[in-house]
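Peer 1: Please read through the structure below; I'll follow up with questions.
Readers should treat all values here as calculations from the given coordinates under stated rules, not as data from a laboratory. None of the values given here were measured: they were computed from a predicted structure. Cβ sites come from the backbone with ideal geometry, for glycine too, and all protein chains shown count toward neighbours.
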Amino acid sequence: QLPDPATLAALCEELARAAGDHVRARTADHGGVARTKSSAVDVVTAVDEEVEALLRERIAAARPHDGVLGEEEGASAGTSGLTWVVDPIDGTVNFLYGIPSYAVSIAVVTGDPDPLTWTLQAGCVHAVAGGTTWTAGRGLGAWRDGERLVPRSAPPLAEALLGTGFGYTAEKRAREAAVVAQILPQVRDIRRIGSAAIDLCLVADGRLDAYYETGLNPWDMAAGALVVAEAGGVVQGLDGGPASAAMTVAGPGPLVSELTAALHRAGA
Ligand code: IPD
């Protein structure tokens, strides 16, 4: 029998805090870029790799039969039906530059570790620099530093502060820039915070009204998406189905509908 969401949420938080301690210890002397991935600007530091190794070790010790899907090492299948979806540092470019918006993101899912089909069981986003921690468990709610998050009412799109982000290839950025050019004149303003996990948690908090991004990976969004949903918000794709690599839109339901319509008109 699988552990319940409360037990899994506690384990997500324990793992995220342990990983955060490691990142904090390595902040001053992180050694810079270790390698690049999809393009020259898609960077990995040694700390990303160290933290993923640490998380895999801890997960194997606590839950030896679970699978793991991680940003740096990919997928290792398990047999229990649970898969941990981990981003050792979401916001790696901020980490590299000392901009304090980066987080450890850990979620645990049942089903394929694919946003179109998974069921999110629990998740934790631990913002390393400020120490803020968001945790959620399926059906239980979401918390920021132990304080329960409550559903929020939505402003109209014209008064909304949005978050978004950009991918790492020139082709993706050209498409994203064309969409931003259409959306920006229709809203209060747009922030590019640099960590999708933190963007989603700020939506859950009400410090961003809504968020959208194309091309997210499962580890960027898993924990944050559960935090939004368990705080009473909506996370979906452009067609109203599950969020995916194609598009993630998050916020209070009525604003998500208005933003989705604007994204359609903008050719997203
Ligand atoms: C990135 C961040 C960024 C988002 C990118 C992600 P990483 O994750 O979440 O905000 O715009 O799409 O890839 O590379 O820092 O783990």
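Peer 1: Tally Lys/Arg at +1 and Asp/Glu at -1 over every other residue whose Cβ is under 15 Å from the Cβ of residue 108; what's the total?
Peer 2: -4
Peer 1: Spin-label point model (7 Å from Cα, Cβ direction): what's the residue 17 to residue 178 distance in nm?
Peer 2: 4.8
Peer 1: Residues with amide H under 5 Å of residue 191's amide H, sequence separation 5 or more or different chain, H placed in the peptide plane at 1.01 Å from N; which?
Peer 2: Close amide H contacts, sequence-distant or interchain: 162, 163, 164.
Peer 1: Given Cβ point charges of +1 (Lys, Arg) and -1 (Asp, Glu) and nothing else, what value in debye, to the nearest 20, does the dipole of the range 12-109 about its Cα centre take?
Peer 2: 40
Peer 1: When the helix-only estimate is applied to the chain (DSSP H runs of n ≥ 4, each -39,500 (n - 2.57), divided by the residue count), what is the mean residue ellipticity at 222 nm, nearest 500 deg cm²/dmol?
Peer 2: So the helix-based figure for the chain works out to -11000 deg cm²/dmol.
Peer 1: What is the diffusion coefficient of the chain in µm²/s, taking the Kirkwood radius over Cα pairs and the Stokes-Einstein relation at 25 °C with a viscosity of 0.890 mPa s?
Peer 2: 134
Peer 1: Report the Cys residues of the chain lacking a disulfide-compatible partner, meaning no second Cys Cβ under 4.7 Å from their Cβ.
Peer 2: 201
Peer 1: Stretch residue 28-residue 117 to full length: gain in nm at 0.36 nm per residue minus the Cα-Cα span?
Peer 2: Separation in residues times 0.36 nm, less the Cα-Cα distance, equals 28.1 nm.
Peer 1: So, counting K/R as plus one and D/E as minus one, what does the shell of residues with Cβ under 15 Å around residue 24 add up to?
Peer 2: Result for the neighbourhood of residue 24: -2.
Peer 1: Taking amide hydrogens as modeled 1.01 Å from N in the peptide plane, which residues meet the under 5 Å criterion relative to residue 71, leaving out close sequence neighbours?
Peer 2: For residue 71, the qualifying residues are 86.
Peer 1: Towards the positive end of the charge dipole of the range 5-148, with charges on Cβ (+1 Lys, Arg; -1 Asp, Glu), say which of 47, 122, 19 has the farthest Cα.
Peer 2: Final value for the positive-end residue is 122.
Peer 1: Something else: Please name which of 28, 250, 7 has its Cα lying farthest along the dipole of the chain towards the positive end, using unit charges on Cβ (Lys, Arg +1; Asp, Glu -1) and the Cα centre as origin.
Peer 2: The residue sitting farthest along the positive end of the dipole is 250.
Peer 1: Of 205, 145, 48, which is the most mobile in a GNM of the chain whose springs link Cα atoms less than 10 angstrom apart?
Peer 2: Per the Cα network of the chain with a 10 Å cutoff, 145 tops the list.
Peer 1: Per residue and in cubic angstrom, what volume does the convex hull of the Cα atoms of the range 1-153 have?
Peer 2: 130
Peer 1: In whole Hz, what ³J(HN,Hα) sequence does the range 20-27 give by Karplus (6.51, -1.76, 1.60; θ = phi - 60°), x for Gly and Pro?
Peer 2: Result, ordered by residue: x, 4, 5, 4, 4, 5, 10, 5 Hz.
Peer 1: Report ³J(HN,Hα) in whole Hz for each residue of the range 164-180, in order, from the Karplus equation J = 6.51 cos²θ - 1.76 cosθ + 1.60 where θ = phi - 60°; Gly and Pro get x.
Peer 2: 8, x, 10, x, 10, 10, 4, 5, 4, 5, 5, 5, 5, 5, 5, 5, 4
Peer 1: Oh, and also: Which percent of Cα pairs goes in each bin when the distances of the range 131-217 are cut into 5 angstrom slices starting at zero?
Peer 2: All Cα pairs, binned at 5 Å, distribute as 3, 13, 22, 20, 19, 12, 8, 3, 0 percent.
Peer 1: Same structure, new question: Tell me, what does the Kirkwood hydrodynamic radius of the range 1-83 come to in angstroms if you use every pair of distinct C-alpha atoms?
Peer 2: After inverting the pairwise mean of 1/r, the radius is 14.2 Å.
Peer 1: Indicate the gyration tensor shape class of the range 157-265 (rounded, prolate or oblate), computed on the Cα atoms with a ≥ b ≥ c the square roots of the eigenvalues: a/c under 1.5 is rounded; otherwise a/b larger than b/c is prolate and the rest oblate.
Peer 2: The shape class here is rounded.
Peer 1: If we count every other residue with Cβ under 9 angstrom of residue 219's Cβ, Lys/Arg +1 and Asp/Glu -1, where does the sum land?
Peer 2: In short, -4.
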